[in-house]
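*Asks:* I am attaching a structure below and will ask some questions about it afterwards.
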Amino acid sequence: MITHHSPLAAHRSRNIIVIGGGIAGVAAAHRLVELQKAKGIELKISLLEPNNWLGGGIRSERIEGCLIEWGPDAFISYKPWGIALCRRIGIDSELIRTNDAHRTTYVVRKGRLVPIPDGLFLIAPTKFAPFITSSLFSPLGKLRMGMDLLIPRAPKEGDESLASFVTRRLGREALDRIAQPLVSGVYTARPENLSLRATMPRFLEMEEEYGSVIRGMLAERKSTPAASGEKQSGARMSGARYSMFVSFRNGLQALVEELMKQMPEVEIHYQCGVRRVNQRENDWLVETDKGDLLDADGVIIAAPAHAAAKMLRGLCESEGIDSSLSENLAGIEYASSAIVHLAYREADLPKPLDGFGFVVPAKENRSIIACSFTSVKFEARAPEGIALLRCFIGGAIQPECYELDDADMLAASRREVRDFLGITAGPMFHTLHRHPLSMPQYAVGHLDLCDRIEAKAGAHAGLALAGSAFRGVGIPDCIHSGETAAERVIEDVVGGDARSERSPALGCK
């Protein structure tokens, strides 16, 4: 039972409640501890988590010597907030990069694996010889992609979908055979619905700056060769920029565990969901699903948007009940996904795994979105002689596959591995982890929706929202979201500047 705290007088410590123990909520709680020490203020920080662990989808475990990541297995390094946090808490030396020797990514075409041409990043080629000789695209498809160099830039207007942009500039084959499978592997979204401005605004900027995506990619390659994978011991690069992905030697859970160690003053309440959050005259009232009523000077909600919508359904303003914040939060749709790990003896593989894995275009009508060769992608993920594979299922691309029961989902994964890799032997072991309603869908107009949510949340001092629902689904984005939400609440509750430039109420910009 959580005790009830009386309203705090001005000279007493401030009570801050963080709702949600995913990486955004943990980062928010840790940032509150940092600010408490840096500013010499007294805080009582509580973290409420409905599950019996912290980290959300970030969980790592060892099975027969293999490292199994329940959710994400890496994060991008070019967004600075993840690396910066690792440095502050002193675990950046534990970070590892992807394997330089095997960077090839494959795409399924007509039931077989075709390597993505060297130098082709997401949607545009930066090396023409590998692109011209590739069997991934037809001659007409290659010609249509090259027309990007001639097509005039579009006038600046509103948001645009990934499908619209790629088809307009590079043609349908570029969308179906490369952009859709690669991007859907990250966002599990339908390209016709996915907001380009919310997910990959750099491509729009390239069109505006260079008049062409290909020219923009070439310019970036010349200006930052190391970032694009050049000079990487001669390693072959294709697909996503895997040189930018990092993890920890013992799995991503190491980040969550270290954060927990460094914030012992935070009271963590497991299996504690929240039913309602409401503002009173001078503070906030949080009602848990057990019926406890908790007073708080500030509240950070780092929960999925659909959960936050339910908590804020009765949020009051001076003129009465305003449900638009809750309605806008509920307007962010979510998709469910699952991850199946399959561990095989390397002796049972027809040939060694060579690459990071493969993606499956929706046009192929298969049962998985992608398959990652985990034992190749990062070191120390499996003992010698064991190949560890990681299959992705579901999302908005194939919601019907997520509805399969466990036995059928496992059978589908094994069938695809057999068809694409020729593995007929049974796995040494397998795992299956489901993530229901875990992936927010950044639909066209998503940033406008975030602006509306921000305006409504910003009207309530002491309230901040954080998490993957708003301006980035990756781990660094969630860390940044949680940290700036913490800074906003401290500014509201204590006063002063908690950061050099005030971020919006979402804690995301």
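The values are calculated or read from the model by the stated rules, or taken from the named source; none is laboratory data. Remember, predicted model here, so these are calculated numbers, not experimental data. Neighbour counts are summed over all protein chains in view; Cβ atoms, including those assigned to glycine, are modelled from backbone coordinates with ideal geometry.
*Asks:* Of all residues in the stretch 272-309 being in contact (Cβ under 8 Å) with a residue 24 or more places away in the chain and basic (Lys, Arg), which is nearest to LEU325 (Cα to Cα)?
*Replies:* ARG276
*Asks:* A further question follows. Just checking, which of LEU43, LEU54, LEU67, LEU32 is of a type in the set (A, V, I, L, M) and out of contact with any helix residue (DSSP H, G or I) (no Cβ under 6 Å at 6 or more places or on another chain)?
*Replies:* None of the others qualify; the one that does is LEU67.
*Asks:* Which residues, counting only those in the stretch 452-476, are part of a helix (DSSP H, G or I), hydrophobic (A, V, I, L, M, F, W, C), touching a residue at least 60 places away in the same chain (Cβ under 8 Å) and within 23 Å of ASP283 (Cβ to Cβ)?
*Replies:* ILE453, ALA457 - these are the residues of the stretch 452-476 that are part of a helix (DSSP H, G or I), hydrophobic (A, V, I, L, M, F, W, C), touching a residue at least 60 places away in the same chain (Cβ under 8 Å) and within 23 Å of ASP283 (Cβ to Cβ).
*Asks:* For the stretch 253-289, enumerate the residues that are touching a strand residue (DSSP E or B) at 6+ places or on another chain (Cβ under 9 Å), assigned to a loop (DSSP other than H, G, I, E, B) and either among the charged types (D, E, K, R) or assigned by TED's automatic domain parsing to the domain that holds LYS377 (or both).
*Replies:* Selection gives GLU265, ARG280, ASP283, ASP289.
*Asks:* List, please: which pairs have Cβ atoms under 6 Å, are six or more places apart or on different chains, and start with a residue in the stretch 354-375 that is under 17 Å from VAL186 (Cα atoms) and outside the structural domain of LEU136 (by TED's automatic domain parsing) and end with one that is part of a loop (DSSP other than H, G, I, E, B) and of a type in the set (D, E, K, R)?
*Replies:* VAL360/ARG366; THR374/ARG381
*Asks:* From the list SER367, SER318, which residue is within 30 Å of ASP492 (Cα to Cα) and either modelled with pLDDT under 95 or of a type in the set (Ser, Thr, Tyr) (or both)?
*Replies:* Every option except SER318 fails the conditions.
*Asks:* For the stretch 241-262, what are the residues that are buried (at least 20 other Cβ atoms within 10 Å of the Cβ) and under 16 Å from HIS30 (Cβ atoms)?
*Replies:* LEU252, GLN253, LEU255, VAL256, LEU259
*Asks:* Which is closer than 16 Å to LEU113 by Cα, free of Cβ contacts under 8 Å to residues at least 60 places away in the same chain and either in contact with a Pro (Cβ under 9 Å, 6 or more places away or on another chain) or assigned by TED's automatic domain parsing to the domain that holds VAL183 (or both), of LEU421, LEU389?
*Replies:* Result: LEU389 is the single residue among LEU421, LEU389 that is closer than 16 Å to LEU113 by Cα, free of Cβ contacts under 8 Å to residues at least 60 places away in the same chain and either in contact with a Pro (Cβ under 9 Å, 6 or more places away or on another chain) or assigned by TED's automatic domain parsing to the domain that holds VAL183 (or both).
*Asks:* If I filter the stretch 268-305 down to residues being of a type in the set (D, E, K, R) and under 27 Å from the mean Cα position of the chain (by Cα), which single residue comes out as surrounded by the fewest Cβ atoms within 10 Å (Cβ to Cβ)?
*Replies:* Looking at residues that are of a type in the set (D, E, K, R) and under 27 Å from the mean Cα position of the chain (by Cα), I get ARG275.
*Asks:* Identify, by number, the condition in (1) over 30 Å from LEU122 (Cβ atoms); (2) in contact with a Phe, Trp or Tyr (Cβ under 9 Å, 6 or more places away or on another chain) that ILE339 doesn't meet.
*Replies:* (1)
*Asks:* Now, a different point. Going by the structure shown, is VAL340 out of contact with any Ser or Thr (no Cβ under 9 Å at 6 or more places or on another chain) and in contact (Cβ under 8 Å) with a residue 60 or more places away in the chain?
*Replies:* Criteria not met by VAL340.
*Asks:* Looking only at the stretch 370-409, how many residues end up being at pLDDT below 95 and in contact with a helix residue (DSSP H, G or I) (Cβ under 6 Å, 6 or more places away or on another chain)?
*Replies:* Counting residues in the stretch 370-409 that are at pLDDT below 95 and in contact with a helix residue (DSSP H, G or I) (Cβ under 6 Å, 6 or more places away or on another chain) gives 1.
*Asks:* Can you list the strands (runs of 3 or more DSSP E) found entirely within the stretch 93-210 that contain at least 3 residues being in contact (Cβ under 8 Å) with a residue 40 or more places away in the chain and surrounded by 14 or more Cβ atoms within 10 Å (Cβ to Cβ)?
*Replies:* Because the criterion is at least 3 residues that are in contact (Cβ under 8 Å) with a residue 40 or more places away in the chain and surrounded by 14 or more Cβ atoms within 10 Å (Cβ to Cβ), the strands (runs of 3 or more DSSP E) in the stretch 93-210 that meet it are 95-97, 105-109.
*Asks:* Among ALA469, ALA464, which is over 22 Å from VAL186 (Cα atoms) and in contact with a helix residue (DSSP H, G or I) (Cβ under 9 Å, 6 or more places away or on another chain)?
*Replies:* ALA464
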